[in-house]
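Asker: The structure follows.
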Amino acid sequence: MTRVRFAPSPTGDLHVGGARTALFNWLFARKTGGTFILRVEDTDGARNTEEAAQGILKGLRWLGLDWDEGPDAGGDYGPYFQSQRKAIYDAYLAKLDAAGRVYTEENGAVRFKFSRTPITVHDLVCGDVAFAATEEPDMTVRRPDGSYIFHFVNVVDDIEMKMTHVFRGEDHLSNTWKHIDLFNAFGTTPPTYAHIPLILNPDGTKMSKRDEGSAVEKSYMNEGFLPDAVFNYLCLLGWTPRTEGEKLSREALTNLFDPAEIHNANARFDMDKCKWFNAQYLRALSPEALLAGCRRFIEAAGYEIKDDVMAAAAVFSVKEKVSLLTEIPAWVHYFFRSDYTYENDVLLKLKAKPENAGLLEAAAAGFLSLAEWTEASIQLAIEDAAKSLAAKPGALMPLLRYALSGQSRGPGVNTIAHLIGQESTLQRIERTLALN
RNA sequence: GACCCUGUCGUCUAAUUGGCCAAGGCACCCGACUUUCUAUCGGGGUAUUGCGGGUUCGAAUCCCGCCAGGGUUGCCA
């Protein structure tokens, strides 16, 4: 039975690199039928906040990375906040003391005596990485105030929580020999390691908290990404399932996942590709699901949704135009209000030709006489109106689009007219004709 | 500085593990279509596989050197 964990430190938002680390752990646990554990490493009282901890849980839940043991989930190896495990660490420190592997400094700090032998890390991703006997000073494991250091608690908890594998960022690789030294000192076998490459900015520099795409909540949840899309993109950053297409379900990704195939080169983040994935997932949504996803963005933009069925059809009609949910309001705002403004070039185009008003009037007359208001009947009415003035439908279509939406781009004109209704369609044409 | 990881189109990755002309996605460019488009359709590979040597009939792949990027070297995690 495999047991893996994601062990974030609550010092800020869930970082995209951390999210991917969690993702690989989750994939491995699900693939092997193992257990995914969430452990909060809040040993640095000065930098950890409850808000950050909650934010990380929120981000993980949004991505659908559910944990089997951890905060809110419980489990047999808790507590899952390191700040609540001091007694356990004290006991383990006593073991090291009994073995003569630690000593106390004058100020009270406790240091672990390195074995000072060569240590090789057997890594699923990086292969065997050998480290010569160290010349570094012995490692501090407990501060003078009695609190413990990351390397120590991390190892103790991996022992206590019976971790079989450790998937973590490659930034930990250089320190892993220290962890193995500790496992050995405790007389335990280290878990199998897999150090995954880091995510870099597009320019190859380290991605920090302020960079685009770094924070899960700020850059994805609030920017209109779909969890499945981000999940899919992150999976393929540093790992390839070698399938025909790249849009793959969680189930498929889980089945295909093989940690040995993870790259050991850092990858640059590509927001365009991530958005492309989002566009793919967005288009696969039902009208109802799409509306559910973008509802908060439409309302935040100040548009009131009175009719859910119409709203769902409206957002559905522009799904091919956007890649993010946040882009939808700008495409559909005229469905929710009649006092939309006309884009500048739209006004110019409306007034460009003297015959435009006549065309619109003919369309209005045609619409007025329609007994049945369907996309098909509207389409016919438009064609008839154009024909009556010896014009092509193509000359009238854009004018109607401008009149009904104030925009030069959007879904089909008959779709717009159908959704806003016969009465509103006539009113909008009238309003537009009155502009002159 | 020392140690560790890594270098294939702009970018994410392929390349039957030393064997056809280095392949695909995203991006990009060109064209077409359409009532519009950031859509759709069609076309285009844009690379001296970081650089220089070496081994070999043959190297992206193996070896050496160099360079570049990233990481670690905390009483941060």
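Throughout, read-outs are computed from the coordinates displayed, never taken from laboratory work. Note that the coordinates shown come from a computational prediction; the quantities given were computed from them, not determined experimentally. Methodologically, a virtual Cβ is constructed for each residue, glycine included, from the backbone with ideal geometry; neighbour enumeration extends over all protein chains shown.
Asker: Report the one residue of A:Ile420, A:Leu348, A:Leu404 whose Cα lies farthest in the direction of the positive end of the charge dipole of region A:344-433 (charges on C-beta: Lys and Arg +1, Asp and Glu -1; origin at the Cα centre).
Answerer: A:Leu348
Asker: Quote the charge dipole size of region A:287-336 about the Cα centre in Debye, to the nearest 20; the model charges only the Cβ of Lys and Arg (+1) and of Asp and Glu (-1).
Answerer: Numbers: 5 positive and 7 negative charges, 19 e Å.
Magnitude of the dipole: close to 100 debye.
Asker: Can you run phi through the Karplus equation (6.51, -1.76, 1.60; θ = phi - 60°) for region A:38-50 and list ³J(HN,Hα) in whole Hz, with x for Gly and Pro?
Answerer: Working through the residues one at a time gives 10, 10, 8, 8, 9, 8, 9, x, 5, 10, 7, 10, 5 Hz.
Asker: Now, a different point. With the crude spin-label approximation of a point 7 Å out along Cα→Cβ, what separation in nm comes out for A:Ala390 versus A:Ala376?
Answerer: Between A:Ala390 and A:Ala376, the simple spin-label model gives 3.2 nm.
Asker: Antiparallel as a % of all DSSP beta bridges within chain A, to the nearest 5? Numbers along the way, then the final one.
Answerer: On the way: 15 of 29 bridges.
That works out to approximately 50 percent antiparallel.
Asker: Under a straight-distance cross-link criterion of Cα-Cα below 25 Å, which lysines are reachable from A:Lys162, leaving out those fewer than 8 residues away in the same chain?
Answerer: Correct list for A:Lys162: A:Lys31, A:Lys86, A:Lys95, A:Lys113, A:Lys178.
Asker: Next up: Can you give the angle from 0 to 90° between the axis of helix A:150-160 and the longest principal axis of chain A, with both taken from C-alpha atoms, to the nearest 10?
Answerer: 90 degrees
Asker: While we're on this one: Is the C-alpha gyration tensor of chain A telling us rounded, prolate or oblate? Criteria: a/c under 1.5 is rounded; beyond that, a/b larger than b/c is prolate, otherwise oblate. Don't skip to the end; give the middle numbers.
Answerer: Working: a/c = 3.49, a/b = 3.12, b/c = 1.12.
Cα axes put chain A in the prolate bin.
Asker: Additional query: To the nearest 20 debye, what charge dipole does chain A have about its Cα centre, counting +1 at the Cβ of each Lys and Arg and -1 at the Cβ of each Asp and Glu?
Answerer: My answer is approximately 420 debye.
Asker: Work out the charge dipole of region A:203-308 with +1 on the Cβ of Lys and Arg and -1 on the Cβ of Asp and Glu about the Cα centre, then indicate which of A:Pro241, A:Asn266, A:Gly302 is farthest towards its positive end.
Answerer: A:Asn266
Asker: Also, I was wondering about something else. Strictly over 23 Å apart at the Cα level, which of A:Lys247/A:Lys275; A:Lys351/A:Lys392; A:Lys58/A:Lys247; A:Lys349/A:Lys392 would you flag in this model? Write down the numbers at each step before the final one.
Answerer: Working: A:Lys247/A:Lys275 12 Å; A:Lys351/A:Lys392 18 Å; A:Lys58/A:Lys247 25 Å; A:Lys349/A:Lys392 17 Å.
Violating the 23 Å Cα-Cα cut-off are A:Lys58/A:Lys247.
Asker: Per DSSP H run of n ≥ 4, the term is -39500 (n - 2.57); total these for chain A, divide by its residue number, and report the mean residue ellipticity at 222 nm rounded to 500 deg cm²/dmol.
Answerer: Working: 17 runs with 195 residues, N = 436.
Using -39500 (n - 2.57) per qualifying helix, the result is -13500 deg cm²/dmol.
Asker: Go through region A:185-199 residue by residue and turn each phi into a ³J(HN,Hα) via Karplus (6.51, -1.76, 1.60, θ = phi - 60°); whole Hz please, and just put x for glycine and proline.
Answerer: 4, 7, x, 10, 8, x, x, 7, 9, 9, 9, 8, x, 8, 9
Asker: Between A:Asp345 and A:Thr164, what's the calculated FRET efficiency when r is the beta-carbon distance and R0 is 60 Å? Round to 0.05. Each step should come with its number before you reach the end.
Answerer: On the way: r = 63 Å, r/R0 = 1.04.
Step by step, r from the Cβ atoms, then E = 0.45.
Asker: Magnitude of the Cβ-charge dipole of region A:282-436, K/R +1 and D/E -1, about the Cα centre, nearest 20 debye?
Answerer: On the way: 16 positive and 18 negative charges, 90 e Å.
That gives region A:282-436 a dipole magnitude of about 440 debye.
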